[in-house]
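The values are calculated or read from the model by the stated rules, or taken from the named source; none is laboratory data. Just so it is clear, the structure is predicted and the values come from calculations on it, not from any experiment. Every residue, glycine as well, gets a Cβ built from its backbone with ideal geometry; the counts of neighbours run over all protein chains shown.
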Amino acid sequence: MGGLLSYSLSVSVFILMLYPVLHQIINRSRHFRFNRLAVITGLLLSLALPCILDSTLISLPSETVVTNVDSVMNMNSTLSVMKTTIVENDSVPAFPWLSIVLIVYLSGIVVLSCREIISFLRLFRMIAVSEKKRIDGVTICRIADDVIAPFSWGNYIFMQDTKLDNSSCIYIHEKAHTIQRHWIDVLFADFFCILLWYNPFAWMTRQLMKLNHEFEADEAVINSGIETYDYQRLLVVKVMGNRSISIANSFAADKRSFRKRVLIMSKKRPSRKTMLIALCAIPAVALAGTALSMPVSSRFLSEISGYSLREELLSEETQPGSTPQVLDLESNPSKPETETHTVIPSPFENQKPLADIIRCSVETIQPDKDTKVNIEIVVDEDGRVKDVSADTPDGAEVAAAISRNFNGVRLEQMIDSGRLVKVHFVVPVQLKKKE
């Protein structure tokens, strides 16, 4: 589940950068079809680019570039323990902030998913019990609740039994929603908001999408020959005191966007130059990708991605009591293995596995000059690699690559005087410029 949270954070960065561009497009341009395409494209890019960026950063070449590495390291002569900290068994454990964040995030997804399901059940019930009439390939469902504003979903239009003198405007408006399949956009935006429920920009982007839907439907009404002033008066009547269903397109659902809808009806169609605003999405995407590619961001997301809530709960259950206990699967062959990570030997016992990970990490790096950096690796008491850092800015890329390759990998727990210890050790890495 840590991978899902890490992915959603990456998506959040992209939608954060794209939202200002989408906001300007929706509020400045009357090319509503283009606006709709821009919003959908922005959401799709936000979902797809983190996957593309992640595969680009993590993938390793199929062929080993030997000329790129002069000497990765000499473990026998250069591996040195810089600092060893004894961790007492009765010490206060670190605050499990990541566990709490992950639980809150998953709880939000569950709550919103349940809310979405309830909305659909309510909608299907309204379809089942309402009086239906088929007109022009669209099913009109008569509802008796005057509090609910007219709305549409799928191929259904929901209208009240009374006050049908102006129903032609409402019918044209809602039919435009059904013909243009706006409900598909809303369903996609709802899924996007469930994934990023904590991000206000996700919800504001959904609001932009629904606002553009109303612009398109309003334009269909005006183009049908109905007077703009009369239609605006009808909107004023319907928007006051009416509520709506969140998963549907409502005739007068959002009072906050009402003023924008009225103003946009009398606005002249601008020059096509306004669509050049969309080009600002290119630097916005580039900026988001650069931010996620930084070593600090990559290391943070890698830590979250490799986190397992189930694994953390199991480790808490197996924590020692009053006497020191060390997990040793080799000496307890009958104990079932409950963890899914790969365990490699301590470098003090067998240096080759650690050397292979570091060598594999640096093979993809092509420095501009001969470089030698000291990589500090911090291994926690449970064998997790908590931090990988370099002593110089030139080594940041090396440290980030090594950190990514430690995802799902642990070292054997290190023991000193019967106690688990945290170990910091330094590995010199030398890279040679490719000739």
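Below are the figures for this structure:
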| quantity | calculated |
| --- | --- |
| Selection from segment 14-32 of residues that are in contact with a Pro (Cβ under 8 Å, 6 or more places away or on another chain) and either of a type in the set (G, A, S) or in a helix (DSSP H, G or I) (or both) | F14, R28, S29 |
| In segment 413-425, residue modelled with the highest pLDDT [restricted to those that are surrounded by fewer than 18 Cβ atoms within 10 Å (Cβ to Cβ) and of a type in the set (V, I, T)] | V421 |
| Some residue of segment 330-343 being at pLDDT 75 or above, outside the structural domain of L102 (by TED's automatic domain parsing) and either loosely packed, with under 12 Cβ neighbours inside 10 Å or not charged (D, E, K, R) (or both) | yes |
| F188 being in contact with a helix residue (DSSP H, G or I) (Cβ under 9 Å, 6 or more places away or on another chain) and within 27 Å of G108 (Cα to Cα) | yes |
| Segment 165-222: number of residues that are surrounded by 22 or more Cβ atoms within 10 Å (Cβ to Cβ) and either β-branched (V, I, T) or not assigned by TED's automatic domain parsing to the domain that holds S113 (or both) | 3 |
| Which numbered condition K386 misses (of (1) within 17 Å of I344 (Cα to Cα); (2) not in a strand (DSSP E or B)) | (2) |
